[in-house]
Amino acid sequence: MSLLAAVGLSQSFGGVTALEDVSVEAGPGELVGILGPNGSGKTTLVDALTGMLRPERGRIELGGVDVTARGAAGLARLGVARTFQTTRLMEPLTVGDNVLLGLHCAAVRRRRSRLQLVDAMLDALGIADLDGRVVRELSHGQRRRVELARALVGSPRALVLDEPTAGLFGPDAQAVAQLLAGVAESGVAMFMIEHDLGVVAEVCTRVVVLDRGLVVDQGPTRAVLAGDAVAAISGELGRDRFEAVSA
Ligand SMILES: Nc1ncnc2c1ncn2[C@@H]1O[C@H](COP(=O)(O)OP(=O)(O)OP(=O)(O)O)[C@@H](O)[C@H]1O
Ligand SMILES: [Mg+2]
């Protein structure tokens, strides 16, 4: 059963086709990996799925309802959260206040309850010690976690993540990926752009492969990672696919 879906999306920018007749879906509990070389349309797909881009053709469905016209704020209110390829945080605010913004649309009204949720989320992401720090002083990896905390704190129904482990190294990337797998297992429908095939192999339930705006493969993780489409683009993803497939 699909919770968040794109149906027949097409989008071009000037002469460039960013997406062409793209259909993808994620059901509750699914973590769908989005793979593709640079410029293949991954971020454009994420922008459309979260209402930040109104596609030229096609529609976005949430729980089977057409929500294409709702826009980013409307989808956020309906429980669709996201993170960005380059983190977008309120630089002069503290970590705690940035995460609090993630509760903007939440039903929780009492300030004390909100602060408790923020504290719990900072704990879960291992950044409780950063609570009072101003975001502009943080490292890249710390910012990634703050943005994830902001996306997760409102208990979204669907989560769309643009390269959540980019710039994190080894154990840090693994830890975030495992956390995301746990979030999906709790019943959230998730899409995640991810270049590291090892991470994809470990946590994604299904995978979509984009190339030049087209879905060139889509299916269960093992089958897609072992398939021709991933073989064709693996050089551009920068990781050894065979390591991931045999892991
Ligand atoms: N706002 C825009 N204006 C013009 N062209 C755009 C715009 N957004 C995306 N594009 C173009 O659309 C194509 C797809 O871009 P997109 O950012 O979706 O790719 P991507 O797969 O996320 O790439 P990357 O791996 O580099 O993040 C690219 O050719 C890009 O230059
Ligand atoms: Mg991108």
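Among the numbered criteria (1) polar (S, T, N, Q); (2) part of a helix (DSSP H, G or I); (3) within 16 Å of ligand 1 (Cβ to nearest atom), which one does SER113 miss?
Unmet condition: (3).
In this structure, does GLU185 turn out to be farther than 22 Å from SER155 by Cα and touching a residue at least 24 places away in the same chain (Cβ under 8 Å)? If you could, list the steps in order and put the result at the bottom.
Values: farther than 22 Å from SER155 by Cα: no; touching a residue at least 24 places away in the same chain (Cβ under 8 Å): yes.
No; evaluated as a whole, the condition is false for this residue.
Restricting to the range 159-168, name every residue that is away from ligand 1 (no atom under 16 Å from the Cβ) and in contact with a Ser or Thr (Cβ under 9 Å, 6 or more places away or on another chain).
Filtering the range 159-168 down to residues away from ligand 1 (no atom under 16 Å from the Cβ) leaves 159, 168.
Correct list: LEU159 only.
Can you tell me which residues in the range 83-100 are loosely packed, with under 15 Cβ neighbours inside 10 Å and not in a loop (DSSP other than H, G, I, E, B)?
The answer is none; no residue qualifies.
So for the range 40-63 (the condition being more than 16 Å from ligand 2 (Cβ to nearest atom), over 15 Å from GLU147 (Cα atoms), surrounded by fewer than 20 Cβ atoms within 10 Å (Cβ to Cβ) and not charged (D, E, K, R)), does at least one residue qualify?
Scanning the range 40-63 turns up at least one residue that is more than 16 Å from ligand 2 (Cβ to nearest atom), over 15 Å from GLU147 (Cα atoms), surrounded by fewer than 20 Cβ atoms within 10 Å (Cβ to Cβ) and not charged (D, E, K, R).
Can you find a residue in the range 79-94 that is within 19 Å of ALA158 (Cα to Cα) and among the aromatic types (Phe, Trp, Tyr)?
yes
Tell me the strands (runs of 3 or more DSSP E) entirely within the range 1-78 that contain at least 2 residues that are free of Cβ contacts under 8 Å to residues at least 60 places away in the same chain.
Once the strands (runs of 3 or more DSSP E) in the range 1-78 are filtered for at least 2 residues that are free of Cβ contacts under 8 Å to residues at least 60 places away in the same chain, what remains is 4-13, 16-26, 57-62.
What single numbered condition from (1) closer than 21 Å to LEU45 by Cβ; (2) surrounded by 23 or more Cβ atoms within 10 Å (Cβ to Cβ); (3) of a type in the set (D, E, K, R) fails to hold for ARG145?
Among (1) closer than 21 Å to LEU45 by Cβ; (2) surrounded by 23 or more Cβ atoms within 10 Å (Cβ to Cβ); (3) of a type in the set (D, E, K, R), ARG145 violates only (1).
Among the listed residues THR68, THR86, THR43, identify the single one that is within 16 Å of ligand 1 (Cβ to nearest atom), modelled with pLDDT of 95 or more and of a type in the set (S, T, N, Q).
Details: THR68 fails: within 16 Å of ligand 1 (Cβ to nearest atom); THR86 fails: modelled with pLDDT of 95 or more.
The unique qualifying residue is THR43.
The values are calculated or read from the model by the stated rules, or taken from the named source; none is laboratory data. Treat the numbers as computed from the prediction; the structure is a model and nothing was measured. Here the Cβ is made from the backbone with ideal geometry for all residues, glycine too, and neighbour counts use every protein chain on show.
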